[in-house]
Amino acid sequence: MVAMDNVLLFVPDGLDRKKSLSMSHLPVPAQDRNFLCVPGASSLQELQEITDLSRKSYESLRRIESNTSITVPENFSFSTLAIQVYKMRWAVLLLSLAAVALTYMQWIQYSIVANIIMRYYRVSSLLVDWTSMVFMVTYTLLVIPVSFFMDIKRPRQAAVMGSVLLALGSWIKVFSLDREMFLVSFLGQTVVAIAQVFIVSLPNRLATTWFSPEEASKVCGLGVFGAQLGTSLGFFLTPWLVQNDDKIENIHQDLEIMYISDAGLSTMISVFTVAVFQSQPEKPPSHIQAIQRSVRATIRVSGNPSGALQRDFVILAIAYGMNVGVFNSMLTLLNQIVLNYFPDSEKDAGYIGVAIIVTGLVGSVVFGFVMDTWHEYRKTAVWVYGITALTVLVFSLSLESKSKKLLYVASILMGFFMSGLQTIGYELAAELTYPEPDGPVAGIMNISTHIFGILFTITISRIHDTMGDLAGNMAFTVLLVIGALIIAQIKSELKRHSAYKEVASAAAELAQLEKQIVQEKAPFLIFKIDEH
């Protein structure tokens, strides 16, 4: 309550004195517990108008805080927010996608020519399978400390670390050409797997620091695109470079070309990353980024230690992990699966892998646009999951029919929907857990995929050996049907999408209110607080 002469002025209970009635970017007198300063008011009527504006400012600030968990200090000016989206964002994204693609290309390059690697290095099929599964194990063990590193450091440091490790692992494999040096080659593969932990989440982080909210889903889709592009290159180029020749010397030459090519490309990516990669542009691309950059944001920790632990997200992590786990397991075992039905068809196995991945590239981008346009995350996820299970069933039956044409058609459909679901899963996770940080959420999702990938690869490989090829292939379909039933239990809320709209609206209102108050040139009124 404020007193002037014999007039009492009631101040709304919910208003903070400094934040709501005194715009501290103006040169107002210092305040203490006994005085209340009101800028730009020369009469009680103007005082009432400014009080109304202040109440609106307070309500807009509360909308930002409730939607972002960011407490905006009273000295922050919304009227001077500078939002800009730079063309340079595409170059930075392209560089990160190239690194992602090269790590995924090396992930699959041993497994897709497993029979040749077994013959050259004289190792078992299980050891060859582990050249792929080491990526899953490494990610599971390192994703939490690496996510912590990326949260306290900027994306540039993570990109440099990942690209340097990628080049180092690739060069280690160059020195493993001797037939007795498989363990050295496995060491190089492990270093590349460690690099992937730093690199794989870069597109998602760039989506918030470089791109507008309207482009976020597209960028996440392009992140999946980069991974699938690398995998498709591994499927296509490896059987073309490394051929099953009767002479071991020729296989040695093929492996040498492949290893040196990987090392050269990874070194080039590392040099460009160190030279040009930037964590963020000069001006932020969104209102939320502007607030986070311009103020020392205070992140409130809710009673629940992480929104990522809520029921819907746990369901999503399990269902998503099963889908990608089946996908990774099928790609790891693809050479063995195809050769069981079509002997001496290593190139066909590679081409089928390319068909799966290339159509997956299209699917990841298409569903990114679908999410940005309609925002129907849960419904789309359920339908796509169910269709994916159906396409895997067709894939299994086409193997039994021994028709390569039908097998290619089934592979195209399977890749489109199975990879598309990965984009939907990431976006649905971001919506369910907002405003939790993206790093831990994506980490939990990927841990789930790798755990299921290891489990499914070992189990289904065993089923193939003991119960036959049909039983092993049908197991993939059964797992996806179970996953579709699980994901249907989600009751989603579009938290992130709604928050972006609310924050943009509130920031615009605050900017307008500040301009109205600043335009007033009248002197300040200082009221003494009536202690009684």
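The values are calculated or read from the model by the stated rules, or taken from the named source; none is laboratory data. Since the structure is predicted, the reported quantities are computational estimates derived from the model, not experimental observations. Glycine gets a Cβ as well: all are built from the backbone with ideal geometry, and neighbour counts include every protein chain shown. Ligands, DNA and RNA are stripped out before the accessible areas are found, and what is left, the full protein with its side chains, is counted by its heavy atoms. Shrake-Rupley method; radii C 1.70, N 1.55, O 1.52, S 1.80 Å.
On the given criteria, is A488 open to solvent by 20 Å² or more (accessible area, probe 1.4 Å), farther than 25 Å from T231 by Cβ, of a type in the set (A, V, I, L, M, F, W, C) and under 30 Å from the mean Cα position of the chain (by Cα)? Criteria met by A488. Just so you know, in the range 257-273 the residues that are out of contact with any Ser or Thr (no Cβ under 6 Å at 6 or more places or on another chain), within 20 Å of A193 (Cα to Cα) and of a type in the set (A, V, I, L, M, F, W, C) include one that is least open to solvent (accessible area, probe 1.4 Å), and it is M258.
Checking the stated criteria, F135 turns out to be open to solvent by less than 10 Å² (accessible area, probe 1.4 Å) and closer than 21 Å to T449 by Cβ. Is it the case, given these coordinates, that F395 is open to solvent by less than 10 Å² (accessible area, probe 1.4 Å), assigned by the TED database to the domain that holds Y377, of a type in the set (F, W, Y) and assigned to a helix (DSSP H, G or I)? For F395, the condition - open to solvent by less than 10 Å² (accessible area, probe 1.4 Å), assigned by the TED database to the domain that holds Y377, of a type in the set (F, W, Y) and assigned to a helix (DSSP H, G or I) - is met. The helices (runs of 4 or more DSSP H) found wholly in the range 165-256 and carrying at least 2 residues that are surrounded by fewer than 18 Cβ atoms within 10 Å (Cβ to Cβ) and not polar (S, T, N, Q) occupy 182-199, 216-241.
Quick grid of which residues meet (1) at pLDDT 85 or above; (2) part of a helix (DSSP H, G or I); (3) out of contact with any helix residue (DSSP H, G or I) (no Cβ under 6 Å at 6 or more places or on another chain):
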residue	(1), (2), (3)
S66	no, yes, yes
N75	no, no, yes
L81	no, no, no
Y86	no, no, yes
A99	yes, yes, no
Q106	yes, yes, no
A114	yes, yes, no
I117	yes, yes, no
V123	yes, no, no
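Going by the structure shown, is T449 crowded, with 18+ Cβ neighbours inside 10 Å and at pLDDT 85 or above? In short, yes. Please find, within the range 406-446, the residue that is nearest to the chain's Cα centre (by Cα) out of those that are without any contact (Cβ under 8 Å) to a residue 24 or more places away in the chain and open to solvent by 30 Å² or more (accessible area, probe 1.4 Å). For the range 406-446, the residue satisfying everything is V409. Checked across the range 340-355, the condition of being free of Cβ contacts under 8 Å to residues at least 24 places away in the same chain and at negative phi holds for at least one residue.
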